[in-house]
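Structure, as structure tokens:
The values are calculated or read from the model by the stated rules, or taken from the named source; none is laboratory data. Keep in mind that what you see is a predicted model, and the values were worked out from it rather than measured. Using ideal geometry, Cβ is built from the backbone for each residue, glycine included, and neighbour counts are taken over all protein chains shown.
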Amino acid sequence: MLVYFRINRSNFLLEGQVEGLPNRLLLCHENWDLSLGILICRQLGHLQLTHHKGVNLTDVKVGITQEFLQVSPNWKENAKERWQIRSRCSSGRIVALKCSECGMRTTGTTGRKDLPLGHQPWQVGLHLNGKRVCGGALLSRQWIVSAAHCMDSPPNFSNWVALVGLGVPTRSKEEAGQAVGKIILHPSYNPVNRDYDLAMLKLKEPLSLSGAIQAVCLPPYHQNTSNDSACWISGQVYPRQENSTVPIAEVRAEMPVVLQSRKDCNGSCGEAGEITPRMLCAHYLDGTIGACKGESGGALVCQHECTQHLVGIRIQDDGCKRPNGPGLYTKVASLLDWIHHVMEEDEA
């Protein structure tokens, strides 16, 4: 049974959509445990579970036709038979779930310059010896994802600084730059064909999140982003200030893009047959906005149910300002297991 989950934003109740059935089902609290909550949060693109509990059905308004999902008693031994459909919950309780916050941003207009503070609060500028080299995306208070081709091989983190959030000239600690304490390249990264072009960077000190600095959600497991999804890339220009080794953001721009199928991208000029299953292409609707300069490693973000998910990390700049030319990205959904493994191993 294939089930897609979501968390109701008004009451945090966990709702499941069974493939082929029209209505959403609430999840009974019977046989529920912490590991299931962690798994579902990750499937939804969140890094962590922050809270879960059983809610009395008497405290929730449900219709008489409401159906439920129940966890099978032996779900750990037989994942394929994990869920059962029920007409009632024998415990009289259903699951409420909260995951780590991510993917929320201020409203604004796409395809414009001078975007408001906090419009892309997960955007990162990576600087080596005071010079902007690549972009990146903030996944948590201490972890950033970028492109492997931006880093040294073997990576040397001592001279890297991360400027986090779509900032304005201020002197806050985060916008003054955060020192990088660790860089991990994907072990299968191939600089020749650009496959597995992904890197994880850990900051020396955790950030203080705010309206201007927030994490982006990872893409949901087992759920492909459709080609008609609302997606954006964003870019910044960082002029060096006098007597300063750390640049400050001056211009911010956002560009809407449309995802291309792998088949179409492989057939496009310059990419014939070179797109692997771990890559995706995005078609620029407007090649006139300077949102791509220095944006290797930058984020391709798509909206799913009002939440922004990190779909791609930019591989190259070729064709960025060429009308009808696609941009090439590492497909983040293909490397989710590695991303989680890196963070878990570091905490162990």
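Could you list all residues from segment 186-206 that are aliphatic (A, V, I, L, M), touching a helix residue (DSSP H, G or I) at 6+ places or on another chain (Cβ under 7 Å) and assigned to a loop (DSSP other than H, G, I, E, B)? Across segment 186-206, the qualifying residue is only L198. Contact map, segment 220-231: first residue assigned by TED's automatic domain parsing to the domain that holds D337, second residue surrounded by fewer than 13 Cβ atoms within 10 Å (Cβ to Cβ), Cβ cut-off under 7 Å, separation 6 or more or different chains; pairs are N227/S261. Does P239 satisfy being out of contact with any Phe, Trp or Tyr (no Cβ under 7 Å at 6 or more places or on another chain), over 30 Å from Q17 (Cβ atoms) and modelled with pLDDT under 70? Answer is yes for this residue. Taking first residues from segment 117-130 that are more than 16 Å from V301 (Cβ to Cβ) and partners that are assigned to a loop (DSSP other than H, G, I, E, B) and modelled with pLDDT of 85 or more, the Cβ contacts under 7 Å between residues at least 6 apart in sequence or on separate chains come to L126/G297; L128/N159; N129/N159. In this structure, L14 does not qualify as on the phi < 0 side of the Ramachandran plot, part of a helix (DSSP H, G or I) and of a type in the set (A, V, I, L, M). One residue alone among I275, I248 is of a type outside the set (K, R) and at pLDDT 85 or above, and that residue is I275. In segment 78-90, the qualifying residues are those that are within 19 Å of L2 (Cβ to Cβ) and charged (D, E, K, R), and the one that is surrounded by the most Cβ atoms within 10 Å (Cβ to Cβ) is R82. The residue list L47, L27, L36, L69 contains one member that is assigned to a loop (DSSP other than H, G, I, E, B) and touching a residue at least 24 places away in the same chain (Cβ under 8 Å), which is L47. Restricted to segment 31-60, and to residues there that are closer than 19 Å to R86 by Cα and surrounded by fewer than 20 Cβ atoms within 10 Å (Cβ to Cβ), the residue that is nearest to the chain's Cα centre (by Cα) is D33. Has segment 290-299 got any residue that is buried (at least 24 other Cβ atoms within 10 Å of the Cβ), at pLDDT below 95, touching a strand residue (DSSP E or B) at 6+ places or on another chain (Cβ under 6 Å) and not in a loop (DSSP other than H, G, I, E, B)? The answer is yes, given that some residue of segment 290-299 is buried (at least 24 other Cβ atoms within 10 Å of the Cβ), at pLDDT below 95, touching a strand residue (DSSP E or B) at 6+ places or on another chain (Cβ under 6 Å) and not in a loop (DSSP other than H, G, I, E, B).
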